[in-house]
Amino acid sequence: MAHHGEILQEAIKNSGISISHLVQELGITRPTIYRKFKEATLDYSFVKRVGEVIQHDFTNDFDTPVQSQLHFTPPVVTPSTVTRQQVLQAVDQDCTKALMALQAKYIALLEAYNELLLKMYGPK
């Protein structure tokens, strides 16, 4: 199985987009992205968000189970073919995306708080 963090790091490096710009767009901190580079498996929604920022399609970079969830272009659906289950899946995806955005903001806030504590009180 491919190491997701390494694949992500290589794609970011090849994109020419700076880490500073990337973390600003994602709403995370530099230490967070560097921790992600060390992770063997990454959440597909995070990888997709990074791909959107650096304009890179990770569909062919990951193994088969992850590939099916990384498609960047949604399928064309006509109103006559939309089922109740498809509508519910779309709602679930929107909720997941909103939750991931809140999680990223929360992590960034916690990291900023930790940095402030270190500045105020120093290491133990």
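List of remarks:
- Each residue in Asp43, Asp92 was given a count of other beta-carbon atoms within 10 angstrom of its own, and listing them fewest first yields Asp92, Asp43.
- Of Lys13/Lys97; Lys36/Lys105; Lys13/Lys36; Lys13/Lys105; Lys13/Lys48, those spanning more than 20 Å from alpha-carbon to alpha-carbon: Lys13/Lys97; Lys13/Lys105
- A full extension of the chain between Thr32 and Lys13 corresponds to an added length of 5.2 nm, given 0.36 nm per residue minus the alpha carbon distance.
- Put in order of Cβ neighbour count within 10 Å, fewest first, the listed residues Lys119, Lys48 become Lys119, Lys48.
- Separation of the Gln93 and Glu25 label points, Cα + 7 Å toward Cβ, nm: 2.0
- Across region 1-44, the relative contact order, built from alpha-carbon pairs under 8 Å that are at least six residues apart, equals 61 percent.
- Taking other C-beta atoms within 10 angstrom as a stand-in for reagent exposure, Leu102, Leu22 fall in the order Leu102, Leu22, fewest first.
None of the figures in this text is laboratory data; all of them are computed from the coordinates on show. Being a predicted model, the structure only gives us computed values, none of them experimental. Neighbour counts are summed over all protein chains in view; Cβ atoms, including those assigned to glycine, are modelled from backbone coordinates with ideal geometry.
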